[in-house]
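Q: Take a look at the following structure, please.
Nothing in this text is a laboratory measurement; each read-out follows from the coordinates by a stated rule. Every value quoted in this text rests on a predicted model; they were computed, and no experiment measured them. As a convention, Cβ positions derive from the backbone with ideal geometry for all residues, glycine included, and neighbour counts pool all protein chains shown.
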Amino acid sequence: MSRELKPATETAVGRRVALVAIGAAGAAVVAGCATYGGSSDTPAAPAESAESAAPPAAGGGGTVLGAAADVPVGGGKVFPDQQVVVTQPSKGTFACFTAVCTHAGCAVDEVKGGTINCPCHGSKFKIADGSVSAGPATSALAKKTITVTGDKISLA
């Protein structure tokens, strides 16, 4: 069996070209990942447009979220543009909390069965006070200040 040997310069150039090509491809993949998204521990800030921003309340009392009638008794409503959730644990009693889960920073997406629910890992928070009803979250949702004037709910 005889093997044909190539001159050292031809082999070295071939290897160098291959390594450079592989390195460039790897760098492109890493760069693409770096610009695509953030860490799962850091929630992305929602883009706010003129159409999605709620109007200021009459008299400068904050941002109008919506009608009190839209928040069911024993339930609540998520306002994703303002990153808050408003609940009505009992008739005429309203509460407001951040809509950002304290576990991993995901946005809560529903109020059902007496809890504010996070879709990412299943954390649940009580509608009355925002405290943890089921983990993995260990901290309550932060309270927000709202005012209810007539049928309008405003974020202070």
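Q: Only one residue in P72, P89 is more than 21 Å from the chain's Cα centre (by Cα) and assigned to a loop (DSSP other than H, G, I, E, B), so which one is that?
A: Testing whether each residue is more than 21 Å from the chain's Cα centre (by Cα) and assigned to a loop (DSSP other than H, G, I, E, B) leaves just P72.
Q: For residues in the range 113-153 being over 15 Å from T98 (Cβ atoms), of a type in the set (A, V, I, L, M) and in contact (Cβ under 8 Å) with a residue 24 or more places away in the chain, which is surrounded by the fewest Cβ atoms within 10 Å (Cβ to Cβ)?
A: Taking the candidates together, the pick is A128.
Q: Continuing with this model, one more query. Please state which of the following conditions K91 fails to meet, knowing it meets all the rest: (1) surrounded by 13 or more Cβ atoms within 10 Å (Cβ to Cβ); (2) out of contact with any strand residue (DSSP E or B) (no Cβ under 7 Å at 6 or more places or on another chain); (3) among the charged types (D, E, K, R).
A: K91 satisfies every listed condition except (1).
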